[in-house]
Structures are given as structure tokens and as C-alpha cells.
Amino acid sequence: MKEAIGAILPLAVGVALSPIPIVAVVLMLATPGGRTNGIAFVAGWIVGLAVAGTLVLLASSGASASEGGEPASWVGWVKLALGALLLLVGARMWSKRPRGGAEPKLPGWMKTIDSFTTGRSLAMGVALAAPINPKNLLIVVAAGAAIAQTGISASDQAIALAVFVVIGTLGPGLPLGIYFAMGERSKEILAGLRQWMVRHNSAIMTVLLGVIGIKLIGDGIAAV
């Protein structure tokens, strides 16, 4: 199990450091229903990661990701492909970064975040965790394959996936923790966090995707 957890740690950090979900929670906490909606969003994020990770684990295990205690060769090819895709996504984000002092554009749905219900906040958390988030979806697939290829028992796989989900939730959960710990004093801190994350979104994502993409390519080369 140690091998599995070691393999997914950098991937989980890559999921956690996602600026858009963090900014979404900060914006929710500034609305009248922010407390409930923020909790619902983070809960949805946890569900989204857990369900997507479980599906990948089941698919990988069914396809024999481990052969005689050793990773199957196809897992290496999958890692090579995922690494290349992450590098492409990172390059695309960098090419679309704001230039000449232009203000970064946030997704259109964030403009209506003050009208979100608890249910919609929950659904958005689920969606952004993986289904409509290409970066996270690729990383979750990589994490599931990395866990499955170790050949550990189903219970140990579940524990490794739980570690991935917990670490991957630290980012969106951070504003919520600050909010509950500091109350009214959190407003200034959260506003500064939001501004910094929005301003440096492209750079953060490009670096993260580059590092994780290169790691997956390296792991893939070693496995094939």
C-alpha cells in the first residue's frame, strides 16, 4: 500500500491545487447562503473524486493492471498518453493566458454563483471534481491506474484512493476551513486568496500540468 500512496501523492496535490474550484468556494462564502453552499460544494467535490476514482480502479483491475505483482505493460502506455495529454492541456492554458495586463476571465457560471442553491452547489462540486474538468479527469485516471498496478488488495486500494481524495480536497476545503476558523476576520484573507488565484491561474496550472505530465511520461517509459 505504501507504493500506491507514494505514487498518488503528487497526483493528489495536482488535484488539490486547482484555482477555479478554490475561487468558487471563496465566492460562495461571500454570498448569503455561503456557509451551506460552501459545504455542499466541497461534499460534491469529495463524491466526484471518489466515484471517478472508484470507476477507474474497477476498470483497471478488470483489465489486469497488475500481472504477477508487476505492473502490466499497458499501464505504462496509458501513463505515457496521459502525460502527453496533460502537457498539451498545460500548453493550451498558457497560450490562452491574459496578456498586456488584461484581467483574467472567470467561467460564466461564476457570475451567477450568488443565486446557487445547495443542490446546485453540490452538483457543481461533483462536476468540477472530474466529469467536466479535463485536468482532474486525466489525473484521476492516472491515479486509479497507479493504484491498480500495484496489485494490492481491494481494501488497500480503497485506502489509497481515500488518501488521494482527502489530499485532493485540501485545496477547495482550505477557504472553508479559514471561514469557519476565523469568521468575519476571514473576509480579507479570502479576498486576497481569490485575487491571487485568479491572477496566477494560468501559471499555476501550466506548472502543475507540466510537472505531473513529465512525471507520468517518465513512469510510463520505465514501465513499457
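All but one of (1) at pLDDT 85 or above; (2) surrounded by fewer than 19 Cβ atoms within 10 Å (Cβ to Cβ) hold for ALA142, so report the exception by its number.
The single condition ALA142 does not satisfy is (2).
Does at least one position in the range 151-165 carry a residue that is touching a Leu at 6+ places or on another chain (Cβ under 8 Å), closer than 14 Å to VAL25 by Cβ and buried (at least 21 other Cβ atoms within 10 Å of the Cβ)?
No, the range 151-165 has no match at all.
When residues of the range 136-185 are filtered for being within 17 Å of ALA4 (Cα to Cα) and either polar (S, T, N, Q) or under 21 Å from the mean Cα position of the chain (by Cα) (or both), how many remain?
26
Has the range 22-40 got at least one residue that is within 18 Å of ASN201 (Cα to Cα) and not in a helix (DSSP H, G or I)?
Pass one, the range 22-40, residues within 18 Å of ASN201 (Cα to Cα): 22-27.
With not in a helix (DSSP H, G or I) added as a condition, the list becomes none.
There is no residue in the range 22-40 that is within 18 Å of ASN201 (Cα to Cα) and not in a helix (DSSP H, G or I).
Does the range 36-48 contain at least one residue that is closer than 23 Å to GLY220 by Cα, of a type outside the set (Lys, Arg) and at pLDDT 90 or above?
no
Checking MET197 against (1) part of a helix (DSSP H, G or I); (2) out of contact with any Pro (no Cβ under 6 Å at 6 or more places or on another chain), which single condition isn't satisfied?
(2)
Output the residues belonging to the range 175-198 that are more than 16 Å from SER18 (Cα to Cα), among the aliphatic types (A, V, I, L, M) and surrounded by 13 or more Cβ atoms within 10 Å (Cβ to Cβ).
ILE178, MET182, ILE189
Identify, please: which residue in the range 75-131 is of a type in the set (D, E, K, R) and surrounded by 17 or more Cβ atoms within 10 Å (Cβ to Cβ) and is, among those, modelled with the highest pLDDT? Can you show your working first?
Looking only at the range 75-131, we keep the residues that are of a type in the set (D, E, K, R), and these are 79, 92, 96-97, 99, 103, 105, 111, 114, 120.
With surrounded by 17 or more Cβ atoms within 10 Å (Cβ to Cβ) added as a condition, the list becomes 79, 120.
Numbers: LYS79: 83, ARG120: 94.
Ranking the candidates gives ARG120 first.
Can you name every residue in the range 142-154 that is out of contact with any Gly (no Cβ under 9 Å at 6 or more places or on another chain), outside any helix (DSSP H, G or I) and of a type outside the set (S, T, N, Q)?
Within the range 142-154, ILE152 is the sole residue that qualifies.
Considering the range 108-130 alone, what residues qualify as being of a type in the set (A, V, I, L, M, F, W, C) and in a helix (DSSP H, G or I)?
TRP109, MET110, ILE113, LEU122, ALA123, MET124, VAL126, ALA127, LEU128, ALA129
Within 24 Å of THR54 (Cα to Cα), without any contact (Cβ under 8 Å) to a residue 24 or more places away in the chain and in a loop (DSSP other than H, G, I, E, B) - does that describe any residue in the range 155-178?
Checked the range 155-178: no residue is within 24 Å of THR54 (Cα to Cα), without any contact (Cβ under 8 Å) to a residue 24 or more places away in the chain and in a loop (DSSP other than H, G, I, E, B).
This table checks each residue for (1) in contact (Cβ under 8 Å) with a residue 24 or more places away in the chain; (2) hydrophobic (A, V, I, L, M, F, W, C); (3) surrounded by fewer than 22 Cβ atoms within 10 Å (Cβ to Cβ).
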residue	(1), (2), (3)
GLU3	yes, no, yes
ALA7	yes, yes, yes
LEU11	yes, yes, no
VAL15	yes, yes, no
SER18	yes, no, no
PRO21	yes, no, no
MET28	yes, yes, no
ASN37	yes, no, no
VAL47	yes, yes, yes
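When only residues in the range 205-216 that are β-branched (Val, Ile, Thr) and buried (at least 19 other Cβ atoms within 10 Å of the Cβ) count, which is nearest to LEU11 (Cα to Cα)?
Quick first cut of the range 205-216, residues β-branched (Val, Ile, Thr) only: 206-207, 211-212, 214.
If we keep only those that are buried (at least 19 other Cβ atoms within 10 Å of the Cβ) as well, we get 206, 212.
Working: THR206: 14, ILE212: 7 Å.
Among those residues, the one meeting the criterion is ILE212.
The values are calculated or read from the model by the stated rules, or taken from the named source; none is laboratory data. Given the structure is predicted, the values throughout are model-derived calculations rather than measurements. Reconstructed Cβ throughout: ideal geometry from the backbone, glycine too, with neighbour counts over all protein chains shown.
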